[in-house]
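Okay, so here's the structure we're looking at.
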Amino acid sequence: MEFQDVATRGLVLLGCGKMGSAMLAGWLAGGLPAGSVWVLDPNPSDWLKGLGIHLNEELPEAPAIVLIAVKPQMMAEALPRLAPLGNGKTLFVSVAAGTTIAHYERVLGARTPVIRAMPNTPAAIGKGITAICGNANASEPQISLAESLLSAVGQVVRLEGEHQMDVVTAVSGSGPAYVFHLIETLAAAGEAEGLPADLAMQLAKATVAGAGALAEAAPEDPAQLRVNVTSPGGTTAAALKVLMDENTGFPALLKAAVKAAADRGRELGK
Ligand SMILES: NC(=O)c1ccc[n+]([C@@H]2O[C@H](COP(=O)([O-])OP(=O)(O)OC[C@H]3O[C@@H](n4cnc5c(N)ncnc54)[C@H](OP(=O)(O)O)[C@@H]3O)[C@@H](O)[C@H]2O)c1
């Protein structure tokens with residue numbers, strides 16, 4: 001029913017790079033007609049050109065939703081084009097990191113319904129997690145519409161308010177990069193202990209992917225799953241003694257890393 005409104009009134013996608021394309025692929029697969037989609041992008045991919053969507057054409061007068069997926073640096077140039085759609089019934093959803101709701105209200109008008117969303121890169125394979133929060137103009141049906149559109153690329157969670165966005169960015173937005181570095185360093189450590197590089201990398205990737213999938217699927221929490229594979233005096237216990245050190249292990253490192261990212265987010269948001 002929600003999608004029906006989008007199919008009738010139209011959906012506009014501003015910027016269709018990696019994130020925009022991942023979402024669009026999900027919506028089309030979920031049954032949104034290509035004829036209901038308008039995309040604005042200066043350098044459309046061949047994939048985009050072949051979809052039968054409205055590409056860089058004149059926009060409908062009051063689309064149900066405008067999804068903003070340009071880089072924050074391009075915002076100043078791209079957003080003013082959409083100002084005529086502000087202050088009305090069109091819902092604006094932005095996945096751009098760092099750009100605040102107040103900024104959209106300034107450019108589009110104070111009565112514009114706006115939802116700010118923070119996805120992460122596993123969205124590219126439908127396994128992202130996106131946190132959302134809306135301004136006071138965004139109605140409950142609009143928030144739940146944003147929720148169902150964004151669930152095309154993974155899980156969606158609602159925040160209590162925009163003040164949580166910088167920390168969310170530091171945990172799940174930037175988080176995939178931390179995990180990629182964990183894979184790199186786990187593989188390098190295996191190599192240092194004598195494994196061939198390819199084998200060490202295959203082991204590290206599959207271990208992180210498998211442990212992540214198990215952590216999500218299992219009824220036990222991650223702490224219990226850890227205890228389950230740690231026999232007293234065994235090999236895992238020896239490694240965890242290093243990793244769980246309060247001052248030099250994961251607790252201190254991740255606390256400092258997440259704080260650095262959240263601080264940087266607050267700085268950029270100013
Ligand atoms: N990728 C992620 O995992 C992720 C996670 C969280 C948030 N985000 C946010 O999502 C947004 C998009 O990221 P992305 O990785 O998809 O970037 P991207 O691949 O660079 O996509 C941005 C797209 O917007 C186009 N564009 C540039 N200027 C434009 C304009 N004036 N009007 C319309 N379109 C324009 C770009 O075209 P050109 O290539 O020709 O410049 C490009 O196709 C960013 O704001 C980012 O902060 C991304």
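The values are calculated or read from the model by the stated rules, or taken from the named source; none is laboratory data. Predicted model only: the values in this text are computed from it and were never measured. Don't worry about glycine lacking a Cβ; one is built from the backbone with ideal geometry, like all the others, and counts go over all protein chains shown. Heavy atoms of the whole protein, side chains included, go into the accessibility calculation; ligands, DNA and RNA do not. Shrake-Rupley method; radii C 1.70, N 1.55, O 1.52, S 1.80 Å.
In the stretch 176-194, the residues that are open to solvent by less than 50 Å² (accessible area, probe 1.4 Å) reach residues that are modelled with pLDDT under 95 with C-beta atoms within less than 7 angstrom, at least six apart or across chains, in these pairs: P176/N120; P176/T121; P176/P122.
Looking at the structure I just gave you, is L203 surrounded by 13 or more Cβ atoms within 10 Å (Cβ to Cβ), outside any helix (DSSP H, G or I), modelled with pLDDT of 95 or more and out of contact with any Cys (no Cβ under 7 Å at 6 or more places or on another chain)?
Values: surrounded by 13 or more Cβ atoms within 10 Å (Cβ to Cβ): yes; outside any helix (DSSP H, G or I): no; modelled with pLDDT of 95 or more: yes; out of contact with any Cys (no Cβ under 7 Å at 6 or more places or on another chain): yes.
Taking the combined requirement at face value, the residue does not satisfy it.
Taken over the stretch 101-139, the residue count meeting the criterion of being out of contact with any strand residue (DSSP E or B) (no Cβ under 7 Å at 6 or more places or on another chain) and open to solvent by less than 10 Å² (accessible area, probe 1.4 Å) is 0.
Every listed requirement among (1) open to solvent by less than 60 Å² (accessible area, probe 1.4 Å); (2) away from the ligand (no atom under 11 Å from the Cβ); (3) part of a helix (DSSP H, G or I) is met by W47 save one, (1).
Just one of (1) assigned to a helix (DSSP H, G or I); (2) open to solvent by less than 60 Å² (accessible area, probe 1.4 Å) fails for T230. It is (1). In the stretch 76-100, what residues are touching a strand residue (DSSP E or B) at 6+ places or on another chain (Cβ under 7 Å), under 15 Å from N137 (Cβ atoms) and open to solvent by 10 Å² or more (accessible area, probe 1.4 Å)? Within the stretch 76-100, just L85 meets the criteria.
Considering L182, L150, the condition of being among the hydrophobic types (A, V, I, L, M, F, W, C), assigned to a helix (DSSP H, G or I) and within 11 Å of the chain's Cα centre (by Cα) is satisfied by L150 alone.
Kindly provide the set of residues from the stretch 242-270 that are surrounded by fewer than 11 Cβ atoms within 10 Å (Cβ to Cβ) and within 17 Å of L186 (Cβ to Cβ), ordered by number. Matches in the stretch 242-270: V242 only. Within the stretch 1-54, being touching a residue at least 12 places away in the same chain (Cβ under 8 Å), among the basic types (K, R) and more than 15 Å from A124 (Cβ to Cβ) holds for one residue alone: R9.
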